[in-house]
Amino acid sequence: MVKRDTYTPESLLAVAVEVFNERGYDGTSMEHLSQAAGISKSSIYHHVKGKEELLRRAISRALDGLFGILQESEACQGPAIDRLQYVVRRTAEVLMAELPYVTLLLRVRGNTDSERWAMARRREFDHAVSELLKQAAADGDLRPDVDVRLATRLLFGMINSLVEWYRPGKGGAATSDEVADAVVRTAFAGLRL
C-alpha cells in the first residue's frame, strides 16, 4: 500500500467511485478501498461509517446533478417541447461532466438501502421527463404516433449509453457539446412534428 501524505473526503470519494465502477459495489471491500486510496482503513473510517456511506455520497452527487436540471429556469418556463429539449441536453451534459458518478448510479441494482433509494430517485427523474413528454404531446408538438412511455425509455437509453463509450479527451473524441448537440438532434428529429 502506498501511503499518501494528504487526502480529502472528496478525493477519497473519487477513489471509491473508481473502485466501485471497476470491481462492482458488492465486489469491493474496505481493504480494496484502503489500498486504492493509499491510506489505512481506520483513516477511511475517520471520514465515513463504511462503504455504503461512500456509495450514498457518490450516487447523491449524480442524482443532485440530474435533479438540479429540473430546477433550472429553462426547464421550468416556456413550451413543454422546449423545456424537454433543454432537459435532454442538460441530462447528457451532466452525465458527461459527472461520468464516473453517473456510471455508478446506472449500475446500482437494489441490493442495499442506498441502491434502492437511488433507484427510486431515478424513477422520479424519469417520471418528470415523461411528464414533459406528455405535455409536449398534449400541446401538439410531438408526432401523434409517439408512444410517450416508449419515447421516455428510448431517450434515457440513448443518453445513458454514453457511460459505455464516451471518454473525454481521448484522441479524436467528440467534445461534450458536440455529443449533447447530437443527442438532441437525433432524439428530436424523430419526436418533433
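The values are calculated or read from the model by the stated rules, or taken from the named source; none is laboratory data. Computed from a prediction, not measured in an experiment: that's the story for all the values here. All Cβ positions, even for glycine, are placed from backbone atoms using ideal geometry, and neighbour counts span all protein chains on display.
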Inset, instruction - Considering every residue within segment 180-190, establish whether at least one is aromatic (Phe, Trp, Tyr), without any contact (Cβ under 8 Å) to a residue 12 or more places away in the chain, at negative phi and in a helix (DSSP H, G or I). - result: no
Legend entry - Subset of segment 1-34 [of a type in the set (Lys, Arg) and either closer than 15 Å to residue 58 by Cα or modelled with pLDDT of 95 or more (or both)]: 23
Legend entry - The listed residue being of a type in the set (Lys, Arg) and touching a residue at least 40 places away in the same chain (Cβ under 8 Å), out of 109, 143: 143
